[in-house]
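> What follows is a structure written as C-alpha cells; I'll ask about it next.
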Amino acid sequence: MGKADELDLVCDACGSDILGEDININSSLAKCNNCQRVFSIKEDHFFNEERVGRPEMIMPEGTDVLQLSNSLDIRLDWLKSYARGTLGFLTFFTVLWNGILAMFGAGALLSGSFTSLGFMSIHILVGLGLIYFLAMVYLNYTDIIVTSSHITISHRPIKSPFQKSKQIDVRDIDQLYVSKYVSSTTNGKPNYAYALYAILKTNSRKIKLVKGMNLETQLYLEQEIERFLKIEDRAVSGSIKG
C-alpha cells in the first residue's frame with residue numbers, strides 16, 4: 001500500500017473522503033472528486049511526519065539499498081561515495097609522486113647509482129602506499145547489513161588496515177550521528193572528512209562505524225539505519241545535520 005493510500009484525507013470544503021488516486025505526493029496536491037476542489041497537503045501531519053526535526057535525505061550516488069522485513073542491506077561504492085575534491089587531489093598527487101619517483105629511479109638504475117635507490121626507499125614505500133590506498137578507493141565497496149540484533153560492516157575486495165570489518169550489537173546502541181574528523185594535515189592545516197558514529201549505552205562510549213564517505217552518504221546512512229532500528233533521532237554535540 002502506498003503512502004498516498006494511507007493519508008486518510010478529507011476535503012475541508014465538503015467533507016468528502018479524498019481517494020488515493022486523487023493525491024499527488026510529488027506536487028503535494030490533492031483533488032476532491034466530489035466538489036473538484038484542489039488543495040495543498042504540505043501541512044498534513046502524516047505527509048510531513050518523516051521530515052520533522054531534520055531534512056529528508058535522498059539516496060546518494062554510489063549507494064544501493066535492499067530492505068527486507070528482517071534486514072536492511074546497504075552497499076556503498078567507494079569511488080562514487082568518496083568526496084570528489086579529495087578523490088581528485090589524491091589521484092593527482094599519487095600519479096605525480098610516483099611519476100617523479102619513476103624518473104629518478106630510472107636515472108639511478110641507468111647510471112648505476114644504486115646507493116641513490118637506498119635513499120629513495122622511504123619515498124618508494126610512501127608511493128606504494130598511495131597506490132594501494134587509491135586502488136581501494138577505486139575498487140572497494142562497503143556492505144552494511146542491519147538486522148534486529150546486529151549491524152555488520154565489511155569492506156572488500158581489497159583489505160584495508162585502516163577500516164576493519166566490525167559487528168555491533170544493536171542493543172548496545174543509544175544513538176547514531178554524523179560528525180567530521182581530522183583525516184590528515186597539509187602544511188599544518190587540518191583536512192576534514194566525515195564519519196558515522198554510534199554512541200553506546202555503556203559509558204556513552206563513541207565508536208566510528210563508517211568513515212571517509214561524503215557528507216550526503218553519511219547522513220543517508222544515519223537516517224536509514226535509525227529508521228530501520230526505530231531509533232529516535234536526537235541532537236548530539238558536534239553532530240552535523242543535512
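> Would you calculate the separation in nanometres between label points at Ile158 and Leu229, each defined as 7 Å from the Cα along the Cα-to-beta-carbon direction?
Between Ile158 and Leu229, the label points sit 3.0 nm apart.
> Between Phe119 and Lys211, what's the calculated FRET efficiency when r is the beta-carbon distance and R0 is 35 Å? Round to 0.05. Walk me through the numbers on the way to the answer.
Working: r = 34 Å, r/R0 = 0.98.
Working from the Cβ atoms, E equals 0.50.
> Residue farthest toward the positive end of the dipole of the chain, with Cβ of Lys/Arg at +1 and Asp/Glu at -1: which of Ala195, Cys14, Ile151?
Working it through, the farthest residue towards the positive pole turns out to be Ala195.
> Scan the chain and hand back the longest stretch that contains none of the GluC sites (Glu not before Pro) lying in DSSP loops with at most 15 other Cβ atoms within 10 Å.
Values: sites that count: Glu43, Glu56, Glu61, Glu232.
Result, exposed sites excluded: 62-231.
> Using Cα atoms only, what is the angle between the long axis of helix 121-139 and the major principal axis of the chain, expressed in degrees (0 to 90) to the nearest 10?
20 degrees
> In nm, what is the difference between 0.36 nm times the number of residues separating Gln36 and Glu56 and their Cα-Cα distance? Kindly include the intermediate steps, with their values, before the conclusion.
Values: separation 20, 0.36 × 20 = 7.20 nm, distance 3.11 nm.
Fully extending the segment from Gln36 to Glu56 adds 4.1 nm.
> I need the trypsin sites (Lys or Arg not before Pro) found in the range 128-181, filtered to DSSP loop residues with at most 15 other beta carbons within 10 Å of theirs.
On the way: sites: Lys159, Lys164, Lys166, Arg171, Lys180; in loops: Lys159, Lys164.
Hits after loop and neighbour filter: Lys159, Lys164.
> Calculate how steeply helix 215-229 sits against the longest principal axis of the alpha-carbon atoms of the chain, using the helix alpha-carbon long axis, and give the answer as 0 to 90 degrees to the nearest 10.
That helix lies at roughly 50 degrees to the long axis.
> Could you pull the Rg and Dmax for the range 140-242, using just the Cα atoms, both in Å?
13.9, 45
> For semi-axes √(5λ) of the Cα gyration tensor in Å, one of [x] 49, 28, 17; [y] 31, 22, 16; [z] 50, 21, 16 was computed from the structure I shared and the rest are decoys. Which label?
So the structure-derived entry is [z].
> Which residue, chosen from Leu29, Ser204, Met120, occupies the Cα position most advanced towards the positive end of the dipole of the chain, where the dipole is computed from +1 (Lys, Arg) and -1 (Asp, Glu) charges on Cβ about the Cα centre?
Selected residue: Met120.
> Moving to a separate point now. How far apart, in nm, are the 7 Å Cα→Cβ label points at Cys14 and Tyr132?
Placing both labels 7 Å along Cα→Cβ, they lie 7.3 nm apart.
Since every read-out is calculated from the coordinates, none of them should be taken as a lab result. The model shown is predicted, which means the values in this text are computed figures rather than measured ones. Don't worry about glycine lacking a Cβ; one is built from the backbone with ideal geometry, like all the others, and counts go over all protein chains shown.
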